[in-house]
1. Quantify, in whole percent, the carbon and sulfur part of the accessible surface of the stretch 35-99 (1.4 Å probe; protein heavy atoms only).
2. Over the stretch 29-99, what is the relative contact order in percent, taking alpha-carbon pairs closer than 8 angstrom and at least six residues apart?
3. Compute the long axis of helix 71-88 from its Cα atoms, compare it with the longest principal axis of the Cα atoms of the chain, and write down the angle in degrees, 0 to 90, nearest 10.
4. At 1.4 Å probe radius, can you tell me the per residue accessible area of the chain in Å²?
5. Using 0.36 nm per residue, how much length does the chain from A49 to K19 gain when fully extended, once their Cα-Cα distance is taken away?
6. Give me the tail of P(r) for the chain as a percent: Cα-Cα pairs with distance above 23 Å.
7. Between the helical axis of 48-61 and the dominant principal axis of the chain, each derived from Cα atoms, what acute angle in degrees is found, rounded to the nearest 10?
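The values are calculated or read from the model by the stated rules, or taken from the named source; none is laboratory data. No experiment lies behind these values; they were computed from the predicted model shown. What goes into the accessible areas is simple: the full protein's heavy atoms, side chains included, and nothing from ligands, DNA or RNA. Shrake-Rupley method; radii C 1.70, N 1.55, O 1.52, S 1.80 Å.
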Amino acid sequence: MALQGETSEQIRERIREPKHYKVIMHNDDFTTMEFVVDILMSIFHKDEAEAERLMMMVHEAGKASVGAYPYDIAVSKVQSAAARAKAEGFPFRMTIEER
């Protein structure tokens, strides 16, 4: 019950999870499998078995989704991987897609 002079407001808060974006890893003929596994373990925090499984998916299918993250995190991971690939001289490529 509102007192005289007060306004009654109903406040609704809608908390939504941020959209997630898939990080897609693409195959090429130059980037080594060992480098890909290392990226998956060090940047994407996959265990060795999962990193090897994902690397083989990329190798066999040409590309694979290696994780889904909020946009800023997906971009950061892709940029980190691209910087390491460039430093190593690999043409490694990753893209981001909305889920």
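1. Carbon-and-sulfur percentage of accessible area, whole number: 51.
2. 31
3. 20
4. That works out to 74 Å² for each residue.
5. Roughly 8.0 nm would be gained on extension.
6. The share of Cα pairs beyond 23 Å in the chain comes to 35 percent.
7. 70
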